[in-house]
1. Place a point 7 Å from Cα of B:ASN60 in the direction of its Cβ. Which residues in region B:7-42 have their backbone N less than 15 Å from it?
2. What translational D, rounded to a whole number of µm²/s, comes out for region A:275-321 from Stokes-Einstein when the hydrodynamic radius is the Kirkwood one over Cα pairs, at 4 °C and 1.567 mPa s?
3. With the other protein chains left in place, how much accessible area per residue, in square angstrom, belongs to region A:126-203 at a 1.4 angstrom probe?
4. Would you work out which of A:THR185, A:THR77, A:ASN302 lies farthest towards the positive end of the dipole of chain A? Charges go on Cβ: Lys and Arg +1, Asp and Glu -1.
5. From other protein chains only, count the Cβ atoms within 10 Å of every residue's Cβ in A:102-108, then give the mean.
6. Ignoring ligands, DNA and RNA and using a 1.4 Å probe, state the total buried accessible area between B and A in Å², rounded to the nearest 100.
7. Taking +1 at the Cβ of each Lys and Arg and -1 at the Cβ of each Asp and Glu, which of B:ILE322, B:TYR235, B:GLY73 sits farthest along the dipole of chain B towards its positive end, judged by Cα position relative to the Cα centre?
8. Once you put a point 7 Å from the Cα of B:LEU268 and another 7 Å from the Cα of A:HIS311, both along the Cβ direction, what distance in nm separates them?
Amino acid sequence: MTQNPVLSINDLSIEFPVYKGAVKALNGVSLHVNEGEIVGVVGESGSGKSVTSMMAMKLLPEGSYRVTQGDISILGTDIIHASEKTMRTLRGGDVAMIFQEPMTALNPTRKIGIQMTDVIRLHRRLDNDAARQLAISLLKDMHIADPESTLQRYPFELSGGMRQRVLIALAFSCNPRLIIADEPTTALDVTVQKQVLMLLKAKARELKTAILFITHDMAVVSQFCDRVYVMYAGSLVEAGSTRQVLHAPRHPYTRGLMAALPELATPGSQLQAIPGNVPDLSRLPAGCAFASRCPSRSDKCNQKPVLTSIHEATTHQVACWHPALQEELAV
Amino acid sequence: MAFLRMIKKRLLGLLLVVLGVSFITFAISHLIPGDPARLIAGDKASEEIVQNIREQLGLNQPLYIQYGTYLKGLATGDLGTSIRTTRPVLEDLKAFFPATLELSLVALLFASALGIPLGVISAVYKDKPIDQVVRTLAVTGISTPAFWLGLGVIVVFYGKLGLLPGGGRIDEGLTPPAAMTGFYLIDTLLQGDKAAFVSALKHILLPAFTLGFVHLGVVARQIRSAMLEQLQEDYIRTAKANGTSKWGVILHHALPNALIPSVTVIGLALGDLLYGAVLTETVFAWPGMGAYVVNSIQALDFPAVMGFAVVVSFAYVIVNLIVDMLYMLIDPRISEVS
Ligand SMILES: Nc1ncnc2c1ncn2[C@@H]1O[C@H](COP(=O)(O)OP(=O)(O)OP(=O)(O)O)[C@@H](O)[C@H]1O
Ligand SMILES: [Mg+2]
């Protein structure tokens, strides 16, 4: 394949120094997002999804973390060694971010219009009027009925879904090549969530914007993503096309996540959650981090498995000594 | 609309406060032992003369009638006649209040102009040496007695360095400006009298610093904690993710939101300053209400003391009203909701 990655993360390990030790939040993560591609990162709470997305834009508080190995490259820029000035032109310019909480992600005391034109003018040589016109057309694209009056409003005057549309419009305002969306719809109710995701996807396809889409929701991944990475305790355990991973999951953890989906459980049967808890990231085992919860563990699991293709001619990768066989699949 | 309703409510509140304050001060000043008539007449005067004076002042009447008379006067803006100066109390206060208000406002300006930036820096560099310095300064300010600080700066800047005057509002040789606002700093400017302005400015520096120093600490601490809170908010992360510079985030996003809760603290500080000025004025021989009140208390001059209490509480409520109006102006959420 000759695609260019807009984002590529190579063997990245991040830890947070804490009293007497370190929280190893990311452990050798490698992932990439190609031009125009929508790539999901899915995993339970605390698996390191947000750390990955914040680190990609170098937004973790300075001094709070250590990069112990690996690198990140966005559009050819070495992020880990990039200056603050370089990062500032990337942020909101070529790379936009959308966060989980639309209720609090906008400045409560500034009008929507000012918040949008501020960002637009930070990255584009436009006068105030042109920036306003652009903001109006962006809001229109997000199917906001009366964009002019929306610009005059304060965030508290808009519903959660409306605010998230504003934030998505804002994310597209400078024609980004990549959008990093960290659980952008988790706080919204299901119908609104679906609408907002459709708008986001349509616009991204139209502009060939790549998206790194962080979520804990497999159902959302199946509707939204081209490819998906499954993350567990700061490591990737499975990767592949959405079809491969969701319809033929190989890693016991992925299979557990799939089984926990309500729409996949047979009526009357219990929701099958994965027993056990995410391990303490400051005391990770040397081997597979999932072993303690794994139904098919063996002595071999005391060694850490690496992400490898399940056979030569596929992009489907799994990090497991005992991957499930395709024939066993229920779905 | 909400605005007008709020003002109406506050004016009603103002009435109640003035009533309450007048009642309390009236009760206290008439219940403490001591007889102003005897004080005026002198030790050697006969009981007959003292009784005459009592009748003149209405002190022989039952208390509730005296209070009723007082309230009636209050309703028409008549605060009674000072026993000590024999002038209407309102006239006396008019002469002294602007001096106190000017001093308090300049002190507040000083406290805010320094306290806000210090609070911001302290929050941005939390736990760094500069933060420690600011916090120490704040605690020092809050816990330094004003008379002690006042004497200290007089000794240094007037006594040792001879840079600034040690008391008064303006140089003795200069004629005070004609009272337009009663604020020397403004009146001298209005008259175009530069020398008088400079002199007035020099005179106000030390007392304003002394009076404002306490509140410098209060303001810095308030801004620091409000800033720390705002800097944790999600919209700050959004602003950063959009490429806003570090100080852009701090000054354009966090600070305006941090100022909102701080308006109350700064506004109430003005009320405190008006009362607190009494002590500072005494140290600096500042011809404000402070000296007037102290003298009035010593002379058991009830009308004057009561007039002072009523006027200051009046000012206090007005300041509160202004604070609430400011709130509505700077916080869109309040003007919409209430
Ligand atoms: N500043 C920090 N100091 C210490 N530990 C941290 C810090 N930031 C994150 N962590 C830890 O890193 C781990 C990964 O956190 P992260 O926020 O990436 O999880 P997540 O996958 O986004 O979860 P969620 O679905 O709840 O958002 C967690 O165990 C978290 O406690
Ligand atoms: Mg997260």
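The values are calculated or read from the model by the stated rules, or taken from the named source; none is laboratory data. Since this is a predicted model, take the numbers as computed values, not measurements. Every residue, glycine as well, gets a Cβ built from its backbone with ideal geometry; the counts of neighbours run over all protein chains shown. Remember, those area values only see protein heavy atoms, side chains included, never the ligands or the DNA or RNA. Shrake-Rupley method; radii C 1.70, N 1.55, O 1.52, S 1.80 Å.
1. The answer is B:37-38, whose backbone nitrogens lie closer than 15 Å to the label point.
2. Working: Rh = 11.8 Å.
This corresponds to a translational diffusion coefficient of 110 µm²/s.
3. Values: 3180 Å² over 78 residues.
Per residue, region A:126-203 has an accessible area of 41 Å².
4. About the Cα centre, the residue reaching furthest to the positive side is A:THR77.
5. Values: counts 1, 1, 6, 8, 4, 12, 9.
Per-residue shielding by partner chains comes out at 6.
6. Working: alone 18080 and 16150 Å², together 32370 Å².
Roughly 1900 Å².
7. B:TYR235
8. Each label point is offset 7 Å from its Cα along the Cβ direction, giving 7.5 nm.
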